[in-house]
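The block underneath contains the structure these notes are about, expressed in structure tokens.
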Amino acid sequence: MPSLGADMTEGSLVEWLVRPGDTVVKGQAVAVVDTAKSAIEVECFEDGAIQELLVEPGTTVPVGTVLAVLADGGRTDAPAGATDTGETAETADTEDSAEAGKTVETIKAAEAAKATDSTKATGAADTAKTTERTAARTTPLVRRLAHDRHVDLDSVRGSGKAGRVTRADVEAASRDSGRIRATPYARRTASELGVDLRGIDGTGTDGTIRARDVRAAASGPATPARPASPAPAAAPRPAVSPEPPAPDGHAQARRQAIAHLMSKSKHEIPHYYLSTTIDLAAAVAWMREHNRAVPVAERLVPAALLLKAAAVAARKVPEMNGFWIDGGHVRPAAVHLGVAVSLREGGLVAPALHDADTLSLPALMAGLRDLVRRARTGRLRASETADPTITVTDLGDQGVEAVFGVIYPPQVALVGYGRVLDRPVAVDGLLGVRPCVTATLSADHRAGDGAVGARYLATVDRLLHHPEDL
Amino acid sequence: MDREQALTVVRESLAAAVPGADSSGLASDAVLREELELDSLDFLSFVETLSGRTGVGIDEDDYARLDTLEACAGFLVTRTG
């Protein structure tokens, strides 16, 4: 369980996006984890093959807990180092379902032989690992079915020979436990609305319940909402909230997480604040010219230019980039721009646009649209939530002129933009009306002084006067 | 395109472009950006969808005329003749 932010101590596994035997590459999303703030996709940190999934969906575990074991060819990284080669081979068998289907007989034969072996082994070693027992008690095809249906094989009583778990056993258990296919956003919505996912007909692929199904169920009288019966997304949190979660339990958890982080910031970080009003006439004119020449899908919004300027300025004034850790300023080489995104159901997240200073404006704009969309549908990636080096909050769409923000610890600066407004401005001794924005800087006084902050804002100003160079 | 058709495609485009935006109970003269809390990215997605579905080119200069359901429908009726 990776730490997906300075404030995260535990996370709840929502679903696996891979299964044992799958080949994975570094950076591939392998699981969805629910934090107090939102559902986030966790990326794999190495190439390899998934050997074993150690944590069941629906379980809340502390940061640092091993979620899965990766096999790297013949070598295994299993913490206990105790997985026999038979099982590795067996998981490989399940890799391709088509192939598994064609060679059912072969697998059955191999499985029969293995069952004999493992009966001996089980007799010899009472301390055999759970996974080995499970492997011995069923066939790869049934294991796969159990995984697909989210059935815990150890809890299934086998009706086959020597207590082996059969396909029928898993199907029965699956019906009993009623593990429900639903998207992370749907689970969150259900938790917030106090809707029981059981009894909702999913309209997604394979009957997966989508958020709109939950909302439809919540508004329709046909499905009784049962807040007292924890929805699956809320169920794994008994350690946090012993009583059944309130309908807005998740929103409350998110509120608590923000409360904790912002309190920590104001408690520990000596903020100083600077502000300047920037003439955007050149930037807006350049953007309009650009937008006239491209299809709607490729149009820019002022926010894209403002974000790019903030990122480039962070590279030019590195004192504003990075983290204050253990009494020192850690300055990463890259600029990962945190973008504060307000969520429709309340709260906010500030995921990173990676290497924002190096992106072209069209690329930054596309990245921004993608990031905001995924933030609001619960599909952020772990790396995006963990590593912003400086954050920007743009409240322009909310109509305010300026925002003096609170720094996200352990970052050392936060940039705020207000609304782009037409203002009277003196230009070359004459009064003109031009679009302007108020840019602010909240900075950590431990990491630098006001003069450096002033240099940062002056740099942002200069960059926005030359939009063609952005 | 008549006014009813235009209103329908405006509502559908809003729903498609902005997940969670429900314009069914919205007064036809309510300001969309405020009532539905659309930010500039939402609004761009709406324009993109509306233009794609109707084939009507929408310039940035037209944005100001797309502030309510009524105004959007009127804009489409004018442009489609």
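A few notes on this one:
- Each other residue within a Cβ distance under 12 Å of A:Val42 adds +1 if Lys or Arg and -1 if Asp or Glu, for a net charge of -3.
- Close amide-amide hydrogen proximity is noted between A:Val392 and A:Gly338, A:Val339, A:Ala340, A:Val415, each under 5 Å apart and 5 or more residues distant or on a separate chain (H modeled in the peptide plane; Pro and chain starts excluded).
- Grouping the Cα pair distances of region A:352-470 into 10 Å bins from zero gives a pair-distance distribution of 11, 34, 39, 13, 2, 0 percent in increasing distance order.
- Cα→Cβ-extended label distance, 7 Å offset, between B:Ala64 and A:Gln398, nm: 2.7 nm
- Region A:395-462 and region B:1-71 have their alpha-carbon centroids 31 Å apart.
- Extension gain (nm, one decimal) between A:Arg157 and A:Leu274, 0.36 nm per residue minus Cα-Cα: 35.4 nm
- More than 17 angstrom apart: percent of Cα pairs within chain B: 35 percent
- Backbone HN-Hα couplings from phi across region A:324-334 [Karplus 6.51/-1.76/1.60, Hz, Gly and Pro as x]: 9, 10, 6, x, x, 8, 8, 10, x, 6, 8
- For region B:1-51, the Cβ-based charge dipole about the Cα centre amounts to some 120 debye (Lys, Arg positive; Asp, Glu negative; other atoms uncharged).
- Under the convention that each Lys and Arg Cβ holds +1 and each Asp and Glu Cβ holds -1, the size of the dipole of region A:269-469 around its Cα centre is about 440 debye.
- Scanning residues 5 or more positions from A:Val425 or on other chains, those with amide H under 5 Å from its amide H are A:Gly432, A:Val433, A:Arg434, with H placed 1.01 Å from N in the peptide plane.
- Residues of region A:392-422 with an amide N closer than 19 Å to a point placed 7 Å from the Cα of A:Lys266 along the Cα-to-Cβ direction: A:393, A:402-416.
- Cα lying deepest toward the dipole's positive end in region A:269-469, options A:Val415, A:His329, A:Val284, charges on Cβ: A:Val284
- Taking amide H atoms as placed 1.01 Å from N in the peptide plane, the amide H of A:Thr138 lies under 5 Å from those of A:Val165, each 5 or more residues away in sequence or on another chain.
- For region A:435-445, backbone phi angles converted through the Karplus equation (6.51, -1.76, 1.60; θ = phi - 60°) give residue-by-residue couplings of x, 9, 9, 9, 9, 10, 10, 9, 9, 7, 5 Hz, Gly and Pro being listed as x.
Bear in mind that the values in this text are calculations on the coordinates, not laboratory data. In this text the structure is predicted, and so the values were computed from the model without any measurement. Here Cβ is always computed from backbone atoms with ideal geometry, including for glycine, and neighbour counts include all displayed protein chains.
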